[in-house]
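The values are calculated or read from the model by the stated rules, or taken from the named source; none is laboratory data. Not measured: the values here are computed from a predicted model. Every residue, glycine as well, gets a Cβ built from its backbone with ideal geometry; the counts of neighbours run over all protein chains shown. Just so you know, the surface numbers come from the protein's heavy atoms only, side chains and all, with ligands and any DNA or RNA stripped out. Shrake-Rupley method; radii C 1.70, N 1.55, O 1.52, S 1.80 Å.
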Amino acid sequence: MKHLKQTTLAAALVLGAGFSSLTSAAPTSYAGTGGALPDLVDFSSSITVVDTGIINDVFISLNDFTHTWIGDFFATLTFDDGSSEVSVVLFDRQGGSNNPAGTYTFADGGTAGFGAGNPIPEGTYAAVGSFSVFDGLSAAGTWTLNLDDRAGLDAGNLGSWTLNIDTGEAPAPVPAPATLALFGLGLVGLGWSRRKKSNI
């Protein structure tokens, strides 16, 4: 009987672990287009999000971003939900003549001082503004990246960009067949144990 109780407990623990691993949420990523970054031109690329989850966090990556003078740029991420706009400044003409040459992520909690080094090291950096301005809003709407080149003589390119939105939501858990089998074994054992007690 002791062995049967242990089997029942093990089945319940495995079931709980299965549900826990399946319900962990991850940020949803949305792909934005890149393009050439010529002199004195405001590059703009938008992503339309239809998901209506409530935002917990936002972060953004500039993929394959190259330019010969990072200090040209005033860069922003703007969210328009159809009734109002909210913007965050990513970087503002910092870094002077240093060159970006890689993928750069901007997130709350990132390393301060984007623009230092030549080439600028890839990594996760803090934006000038905070992405917390998006927290609590519905994710649905138009998200626009602007890279505004405000000085001449230099050019570059953006391969693409990625918008990441964490709404804290996860799909409904679907237990694996093995987990269901163990759960069933546990229920059978529990029922047998109770029946045996009632006959004593």
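So the values come out like this:
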{"item": "Inter-label distance, nm, simple model (7 Å from Cα along the C-beta direction), Leu137/Thr105", "result": "2.2"}
{"item": "Estimated FRET transfer efficiency when R0 is 35 angstrom, pair Asp51-Arg150 (beta carbons, to 0.05)", "result": "0.55"}
{"item": "Fraction of accessible area attributable to carbon and sulfur, region 29-181 (%, probe 1.4 Å)", "result": "54"}
{"item": "4 °C / 1.567 mPa s Stokes-Einstein diffusion coefficient of region 39-81, Kirkwood radius on C-alpha pairs, µm²/s", "result": "96"}
{"item": "Distant alpha-carbon pairs in region 18-100 (separation over 21 angstrom), percent", "result": "44"}
{"item": "Region 99-161, Rg to Rh (Cα coordinates; Rh as Kirkwood inverse mean 1/r)", "result": "1.00"}
